[in-house]
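First comes the structure, then the notes that go with it.
Read-outs throughout are calculated quantities, based only on the coordinates presented, and are distinct from any laboratory measurement. Fair warning: this is a prediction, and the values are worked out from it, not measured in the lab. Because the Cβ atoms are built from the backbone with ideal geometry, glycine has one as well, and the counts that use them run over all protein chains shown.
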Amino acid sequence: MTVGSVSTHLGEHPLLSWATPAGGTMHAALVPIADDGRIESGSMHDQATLVLDDLVRTVCAAGGDIENIAQVICDLTDVSEVEEFNKVWSAPMGSHRAVIGASGLAVEGIRVELVAYAHIG
């Protein structure tokens, strides 16, 4: 099995490795980060919108599309915001995800982090 890296629009961040392909599966860890490297620290709606866009763009950069996403684990720092998260998530993505409450995430100010798996190969 070969492990590589996916060149994304997200640039470098010292705490995260955006996407790694291995054995036909793309593994990704994503937080709401803009193209210019700015961390989105606004509302759950704003963060969810940006991180979902980052997910779709990352899967496309790996050679797949939204249909290739097999599973996503969504870490929210406040599970009471799951309804707001779902408003953004459900329309394009459906329900293939798990939501986990996290007491804190590695990047200060973020409310949501995605760990995603997509079949690319």
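Some points to look at:
- In degrees, nearest ten, helix 82-93 long axis to first principal axis of the chain (Cα): 30 degrees
- Trypsin sites (Lys or Arg not before Pro) restricted to region 31-121 and DSSP loop, no more than 14 other C-beta within 10 Å: 38
- Counted without the sites themselves, the longest stretch of the chain free of GluC sites (Glu not before Pro) in a DSSP loop having at most 12 other beta carbon atoms within 10 Å is 13-107.
- Size-normalised alpha-carbon gyration radius of the chain, reference 2.2 N^0.38 Å: 0.99
- Charge tally around residue 57: other residues with Cβ under 13 Å, Lys/Arg +1 each, Asp/Glu -1 each, net -4.
- Amide hydrogen proximity for residue 99: with H placed 1.01 Å from N in the peptide plane, the residues at 5 or more positions away or on another chain lying under 5 Å are 74.
- Residue 38-residue 106 FRET efficiency (beta carbon distance; Förster radius 22 Å; 0.05 resolution): 0.85
- For the chain, built as a Gaussian network whose Cα springs stay under 10 Å, the top-fluctuating residue of 36, 54, 78: 36
- Short-range pairs are left out: with C-alpha atoms under 8 Å and at least six residues apart, the relative contact order of region 19-119 is 41 percent.
- Karplus 3J(HN,Hα) series, Hz, for region 56-70 with 6.51 cos²θ - 1.76 cosθ + 1.60 (x for Gly, Pro): 4, 5, 5, 4, 5, 5, 7, x, x, 8, 4, 5, 7, 6, 8
- Most mobile listed residue (59, 79, 51) in the chain, GNM with C-alpha springs under 10 Å: 79
- Label-to-label distance, residue 79 versus residue 67, with points set 7 angstrom from Cα along the beta-carbon direction: 3.5 nm.
- Each stretch of four or more DSSP H residues adds -39500 (n - 2.57); spread over every residue of the chain, this sum gives -8000 deg cm²/dmol at 222 nm.
- Of 50, 30, 105, the one that fluctuates the most in a GNM where the chain has Cα springs shorter than 10 Å: 105
- Residues whose placed amide H lies under 5 Å from that of residue 33, excluding near-sequence neighbours: 40
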